[in-house]
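The values are calculated or read from the model by the stated rules, or taken from the named source; none is laboratory data. Just so it is clear, the structure is predicted and the values come from calculations on it, not from any experiment. Heads up, the Cβs are rebuilt from the backbone with ideal geometry, glycines too, and the neighbour counts pull from every protein chain shown.
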Amino acid sequence: MKLLGAPLSPFVRKAVIVAAEKNLDYEYDPRPSPLGWTEDFEKINPLKRIPALLPDPDNITYAINDSSAICAYFEKLQPEPALYPSDAEAYGRALWLEEAADTDLANKIGMLVFRPVFFNLAAGKAADIDGAKDGFEKLSELLLPYLESQIGDADWFAGDMFSIADIAVASQLMNLNMVGFAVPEDRFPNLRAHYERCIERPSIAACIEGNEKFISKSGFKIERVIS
Ligand SMILES: N[C@@H](CCC(=O)N[C@@H](CS)C(=O)NCC(=O)O)C(=O)O
């Protein structure tokens, strides 16, 4: 199978981390990106979004698109280790928190913090740090406090296992780190501790290493605003 999509996309990252947890083999094409689509990408995903997955790399008309669909497919393909709780309530919570991360968290981090820095640098302009700081405050008004309350003093978001909910949240928060921000420990200690717990996992650590290499190869100088 072949996974397509730029490595800094938090949705691509989700799929990469799930595949790594499950030790799945796949080809990877990092080229399709909102900054430049590859020819024929529309035939793979008419919504023009990454990630896309081709179970058969030679058949571009039979794709599985959307990170949630891809991750659920990986779970069926390789059930161990399970990344979706079997308990009904924990399963429901995992899907809800995955959805919250993929929609509102993604939108706020992506549009308000990541893009003002990264897309400006990619366009050869100065990073809009003030814009990103304002964006970060909007993110801190509702969603980060909600996630802080949801994780509380538990290790993981849904039940007592590492799950798709943890991967989805961490995949988005990684985009803060990529552009010099972080979940501040003094304001959101439980969420920060959860993030630190997540990045200890080899699947996530490897993904961060790959992302950082990609940024340093691009030659972008990222100012650290929150450590
Ligand atoms: N719900 C989708 C969202 C995918 C998504 O929005 N990906 C972004 C990249 S991070 C994208 O392709 N955006 C297209 C664009 O901005 O034109 C998923 O989970 O895969």
Given the conditions (1) touching a residue at least 60 places away in the same chain (Cβ under 8 Å); (2) more than 10 Å from the ligand (Cβ to nearest atom), and given that Ala101 satisfies all but one, which numbered condition is not satisfied?
(2)
Please work out which one of (1) within 15 Å of the ligand (Cβ to nearest atom); (2) among the small types (Gly, Ala, Ser); (3) without any contact (Cβ under 8 Å) to a residue 24 or more places away in the chain is the condition Gly5 fails and give its number.
(3)
Within the range 70-78, identify whether any single residue is touching a Lys or Arg at 6+ places or on another chain (Cβ under 8 Å), part of a loop (DSSP other than H, G, I, E, B) and farther than 26 Å from Arg187 by Cβ, and answer yes or no.
yes
I'd like to know if the range 23-46 contains one or more residues that are in contact with a helix residue (DSSP H, G or I) (Cβ under 7 Å, 6 or more places away or on another chain), outside the structural domain of Tyr146 (by TED's automatic domain parsing) and touching a residue at least 40 places away in the same chain (Cβ under 8 Å).
yes
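Under the condition of being among the β-branched types (Val, Ile, Thr) and in a loop (DSSP other than H, G, I, E, B), which residue from the range 15-63 is surrounded by the most Cβ atoms within 10 Å (Cβ to Cβ)?
From the range 15-63, those among the β-branched types (Val, Ile, Thr) are 16-18, 38, 44, 50, 60-61; that's our starting set.
From what is left, the residues that are in a loop (DSSP other than H, G, I, E, B) are 38, 50, 60-61.
Numbers: Thr38: 12, Ile50: 27, Ile60: 16, Thr61: 8.
Selected residue: Ile50.
Results for (1) within 18 Å of Arg13 (Cα to Cα); (2) part of a helix (DSSP H, G or I), shown as yes or no for each residue.
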site	(1), (2)
Val113	yes, yes
Asp134	no, yes
Ala154	no, no
Ala158	no, no
Ala205	yes, yes
Glu212	yes, yes
Within the range 79-88, restricting attention to residues that are in a loop (DSSP other than H, G, I, E, B) and among the aliphatic types (A, V, I, L, M), which residue is nearest to the ligand (Cβ to nearest atom)?
Leu83
